[in-house]
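Step one of this worksheet: look at the structure below.
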Amino acid sequence: MPRPQVQALSLSPRATFLLTWERMQEGDEATGNLRVWRVATGELACSWHQKVLGEKALWPALHWSVDEAIALRLVTNEVHCFNGLAPTPAAEHKLRIENVMQCSIEPTAAPHHIATFVPEKKGAPAVLRLWQHPDFGEGRFLATKSFFKADQVAMRWRPTGGALLVHTHTDVDTTGKSYMGETGLYYMPLDGKKVLNVTLRKEGAIHDVQWSPLGDEFICIFGVSPPEACIFNLKCEVTHSFGEAPRNTVSWAPHGRFLCLAGFGNMSGELSFYDRKSLKCMGTVDAHMTVNYGWSPCSRYFLTAILFPRLRVDNGFRVWSCAGGLLHQERMDELTLAMWRPMDPSLFPPPTDADVRAFPAAASAPKPTSQATKYVPPGQRAGASASGLGGKGLSLSDLAAATGGGGAGFAGVYDPHAQAGSGRSLSALAAAQEAGGSAALRRGPPPGSEPVEATSGKPKQKQKAKDGSVPTPPPPAPAGAESDPNDPDAVGKKVRAVEKKLRQIAELKELKAGGKPLEKNQLDKIEQEPAIKEELAALQAKLTDKQAEEGKWR
């Protein structure tokens, strides 16, 4: 299907339909720009009008049940329900809720249940309600829960049905403890009789929470850095802890045998593969800059991808084994989407111990190519190598001894009196250091300048040698002696400066969300956030390449 203007797409759970969104073009007023296609034939099943794509968290705009029997679409103040196997532009059922912001469908077969969320507004609390399709009468909801401090939620249905986890989030932390906002986690059964507040033993944000495909437990990553990852049972009690590490993502294999704990986004990109049966880590690998990821339907392979336009460098994908071994990788100029084709996991046999042994494990980290050496300040590195002092720092008396007495002299130190047979005094060295720092000790006074007396600071008369000649200063240092802008230290300094800008933008956004008026230059700075993020990604990629060239392990 030639659709060059498509900007977002999604497959139905059984890959029967393909959902696409395009910008409105001339002629789309009659057909619509949100389209559903039949994968088998490529025919257009139906379409709707949707002017704005919206936030990434709200995509796809059409939600199918796991058996594709029904499909939901959120519109202004309403949730429209369609026949998922034969969608039509007209909705079969409508659920009207004022200010409804999110909806979700239970991932089980009939009877189907739906969750709706209305955020806080004008002092009224946020409300989450559970409904049974198609019983949408007034007050016919199965359960309801009110929340304060909930601007948006992530609804995690139990895979076997009967309950869901509600992950609440606010943009602003009223306590001032975190610039990431406040979070909460609740366990809500369908009957709503016993809603549990999941108690976490470490303060800080909730980074991710995911159910096991078996539906008997879930994993939550929470707390200040480094976060902790724990397994909880249906009573919301901790049964196992994976410890603290830089991780913010949980991904279960479809059969529930394997899981991956990862640190994406602003973290290092570390992937740790675990066997749920033994709770042992099978391997840890590095997949920094990952944008999209996921397990294959057979639970034996894991996909990571670097996508455009989130990142404009190193686009491509990699396929890992369930034990962390790299099986395949491919780079592309611009890769927009990489995902597994949806299939029913029941079509594949569950993985066994033999499958774990058959796949390659994660490769061990390479040993550093160079041995760590003692740190030498930049002002003393040239002298340490030339003077044969084994990298030890030099005092002013050492410098005076090296430059006087008719010796070979301290490499890189300019002494205008060396040809006259007289060394630089301690007072002159101290005056040079006070005037220009350690660099002045290495270079000496610039050519043509007057030597400075330590006590008076007045220029001296040019001193002649015994034969009457004036000593000639050394030529200026070549331009190549300056610091290389591509040096890892220089690039790292730029990375820190850009990260500081992003932190300042985050603070400005918090002030704006809190209702504080901002100046025009502050608003302009917020608008520059996408460009600054792209600059940061490019610098991080550049730094990674430089470190790889030097044999450093990131």
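For the reader, a short list of remarks on this structure follows.
- Count - residues of the range 47-98 that are of a type outside the set (Gly, Ala, Ser), assigned to a loop (DSSP other than H, G, I, E, B) and under 17 Å from MET155 (Cβ atoms): 5
- Subset of the range 332-352 [surrounded by 14 or more Cβ atoms within 10 Å (Cβ to Cβ) and free of Cβ contacts under 8 Å to residues at least 40 places away in the same chain]: MET332, LEU335, THR336
- Of everything in the range 72-116 that is small (Gly, Ala, Ser) and free of Cβ contacts under 8 Å to residues at least 24 places away in the same chain, the residue that is surrounded by the fewest Cβ atoms within 10 Å (Cβ to Cβ) is ALA90.
- Looking only at residues in the range 105-132 that are assigned to a loop (DSSP other than H, G, I, E, B) and among the charged types (D, E, K, R), the one that is modelled with the highest pLDDT is GLU106.
- Tally of residues being outside any strand (DSSP E or B) and surrounded by fewer than 16 Cβ atoms within 10 Å (Cβ to Cβ) across the range 1-13: 5
- ALA61 open to solvent by 70 Å² or more (accessible area, probe 1.4 Å), of a type in the set (Gly, Ala, Ser) and under 24 Å from ARG3 (Cβ atoms): no
- Any hit, the range 133-154, residues being small (Gly, Ala, Ser) and in contact with a Leu (Cβ under 7 Å, 6 or more places away or on another chain): yes
Listed here are the residues, each with its yes/no results for (1) assigned to a helix (DSSP H, G or I); (2) open to solvent by less than 90 Å² (accessible area, probe 1.4 Å).
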position: LYS500; (1), (2): yes, no
position: ARG503; (1), (2): yes, no
position: GLU510; (1), (2): yes, yes
position: LEU518; (1), (2): no, yes
position: GLU534; (1), (2): yes, yes
position: GLN540; (1), (2): yes, yes
position: LYS546; (1), (2): yes, yes
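- Filter result for VAL172 (open to solvent by 40 Å² or more (accessible area, probe 1.4 Å) and among the hydrophobic types (A, V, I, L, M, F, W, C)): yes
- Of all positions in the range 310-330, at least one carries a residue that is under 24 Å from HIS207 (Cα atoms) and under 16 Å from the mean Cα position of the chain (by Cα).
- Only a single criterion out of (1) part of a loop (DSSP other than H, G, I, E, B); (2) open to solvent by 60 Å² or more (accessible area, probe 1.4 Å); (3) at pLDDT 75 or above is not satisfied by LEU523, namely (1).
- HIS133 falls short of the stated requirement of being surrounded by 16 or more Cβ atoms within 10 Å (Cβ to Cβ), within 23 Å of GLN210 (Cα to Cα) and not β-branched (Val, Ile, Thr).
- ARG318 assigned to a strand (DSSP E or B) and of a type in the set (D, E, K, R): yes
- Residue-level check: of (1) more than 15 Å from GLY324 (Cβ to Cβ); (2) over 22 Å from the mean Cα position of the chain (by Cα); (3) open to solvent by 30 Å² or more (accessible area, probe 1.4 Å), MET282 misses just (1).
- Filtered by the rule that a residue be in contact with a strand residue (DSSP E or B) (Cβ under 9 Å, 6 or more places away or on another chain), of a type outside the set (Val, Ile, Thr) and not in a strand (DSSP E or B), the range 278-295 gives LEU279, ALA287, HIS288, MET289.
- Residue match in the range 173-189 (condition: within 14 Å of GLU106 (Cβ to Cβ) and either among the hydrophobic types (A, V, I, L, M, F, W, C) or within 23 Å of the chain's Cα centre (by Cα) (or both)): yes
- The sole residue among ASP355, ASP314 that is closer than 22 Å to TRP252 by Cα and either in contact (Cβ under 8 Å) with a residue 12 or more places away in the chain or touching a Leu at 6+ places or on another chain (Cβ under 8 Å) (or both) is ASP355.
- THR290 passes every criterion in (1) among the polar types (S, T, N, Q); (2) open to solvent by 40 Å² or more (accessible area, probe 1.4 Å); (3) under 18 Å from ALA537 (Cβ atoms); (4) in contact (Cβ under 8 Å) with a residue 12 or more places away in the chain apart from (2).
- Matching residues in the range 12-43 - criterion: being at positive phi and free of Cβ contacts under 8 Å to residues at least 60 places away in the same chain: GLY27, GLY32, GLY42
- Filtered residue count, the range 234-260, keeping only those that are under 14 Å from CYS322 (Cβ atoms) and either open to solvent by less than 20 Å² (accessible area, probe 1.4 Å) or part of a loop (DSSP other than H, G, I, E, B) (or both): 9
- Residue in the range 26-49 that is nearest to GLN7 (Cα to Cα), counting only those that are open to solvent by 80 Å² or more (accessible area, probe 1.4 Å) and of a type outside the set (Ser, Thr, Tyr): HIS49
- Number of positions in the range 333-367 that are in a loop (DSSP other than H, G, I, E, B) and farther than 19 Å from ASP286 by Cα: 16
- Residue within the range 523-537 that is out of contact with any Phe, Trp or Tyr (no Cβ under 8 Å at 6 or more places or on another chain) and closer than 15 Å to HIS288 by Cβ present: yes
- Taking the criterion of being surrounded by 19 or more Cβ atoms within 10 Å (Cβ to Cβ) and either closer than 22 Å to PRO13 by Cβ or not basic (Lys, Arg) (or both), the residues of the range 304-321 that qualify are THR304, ALA305, ILE306, LEU307, LEU311, ASN315, PHE317, TRP320, SER321.
- Within the range 111-149, the residues that satisfy the criterion of being aliphatic (A, V, I, L, M) and under 22 Å from PRO60 (Cα atoms) are ILE114, ALA115, VAL118, LEU128, LEU130.
The values are calculated or read from the model by the stated rules, or taken from the named source; none is laboratory data. Not measured: the values here are computed from a predicted model. Because the Cβ atoms are built from the backbone with ideal geometry, glycine has one as well, and the counts that use them run over all protein chains shown. Heavy atoms of the whole protein, side chains included, go into the accessibility calculation; ligands, DNA and RNA do not. Shrake-Rupley method; radii C 1.70, N 1.55, O 1.52, S 1.80 Å.
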